[in-house]
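Heads up, the thing below is written out as structure tokens.
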Amino acid sequence: MTRSITILGATGSIGASTLDLIRRERDKWRVVALTANCQAVELAALAREFGAEIAVVADEACLPDLREALAGSGIEAAGG
């Protein structure tokens with residue numbers, strides 16, 4: 001059975017630890033969404049790695065960078 005997960009604060013220490021656990025059992029998890037405050041490039045890399053459907057930055061000023069980093073990936077970018 002595959003479980004869906006959303007990770008809030010994916011670029012922080014708890015988010016990184018959670019993603020490390022998911023890496024160990026990839027076939028059991030589907031990452032739906034990842035969020036971060038403003039680390040757009042790092043968040044985009046994680047979203048691509050885990051095939052997230054959406055990546056969200058809390059600081060909307062970082063949204064253009066997130067969109068640029070996700071260009072062509074099919075992953076939705078959002079802010080707010």
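Here, each number is a calculation from the coordinates, and none is a lab measurement. The shown structure was predicted, so the numbers you read here are calculated from the model rather than taken from an experiment. We place every Cβ from the backbone using ideal geometry, glycine too, and count neighbours over all the protein chains shown.
Tell me the label only: which of (1) 26, 15, 10; (2) 21, 13, 10; (3) 23, 13, 10 is semi-axes √(5λ) of the Cα gyration tensor in Å as calculated from this structure?
Identified label for the calculated read-out: (2).
Amide H of Gly9 versus every other amide H placed in the peptide plane: which residues, excluding those fewer than 5 positions away on the same chain, fall under 5 Å?
For Gly9, the qualifying residues are Thr35, Ala36.
Mind ranking 20-33, 67-80 by how tightly packed they are, going by the mean number of other C-beta atoms within 10 angstrom, highest first? Please list the in-between numbers first.
On the way: 20-33: 12.9, 67-80: 14.6.
With the highest mean Cβ count within 10 Å placed first, the list reads 67-80, 20-33.
Residues with beta-carbon under 11 Å from that of Ala52, excluding Ala52: net charge, scoring Lys, Arg +1 and Asp, Glu -1? List each step's numbers first, then the result.
Values: positive: Arg30, Arg48; negative: Glu49, Glu53, Glu76.
Overall, the nearby charge balance is -1.
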